[in-house]
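The values are calculated or read from the model by the stated rules, or taken from the named source; none is laboratory data. These numbers come from a predicted model, not from an experiment. When we count neighbours, we look across all protein chains shown, and the Cβ atoms used for this are built from the backbone with ideal geometry, even at glycine. These area figures cover heavy atoms from the full protein model, side chains too; ligands, DNA and RNA do not enter into them. Shrake-Rupley method; radii C 1.70, N 1.55, O 1.52, S 1.80 Å.
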Amino acid sequence: MSLTGVFVLVFAILSLLTSGDEMVSRVRKVLKAGKFDDCVFVLLAVIIPFCLGQFALSATAMAVYKFSSVLLRRMSGKLGAEMKAAADV
């Protein structure tokens, strides 16, 4: 394995460890409730490429998911503040 391959593998493992526990706990809650959420598909999109040796794809999928969830929380917070300000008028 080349140096680049080792770097990608380490990056993939670190991204899975830092973000994976939150996603796995969310999947457990969703499945216990008998529902099927987008987090199940994201978990599959991360685990399957990792098992197939496509570490860069797995890390990219996790990074895109985390980035989109951060953007969604940020936008919903701004929207909520704007709605509250409009209601106070």
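Summary of computed values
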| read-out | value |
| --- | --- |
| Residue, modelled with the lowest pLDDT, within the stretch 57-85, restricted to residues that are more than 23 Å from Val27 (Cβ to Cβ) and not basic (Lys, Arg) | Met83 |
| Some residue of the stretch 32-43 being open to solvent by 100 Å² or more (accessible area, probe 1.4 Å), over 15 Å from the mean Cα position of the chain (by Cα) and over 22 Å from Ser68 (Cα atoms) | yes |
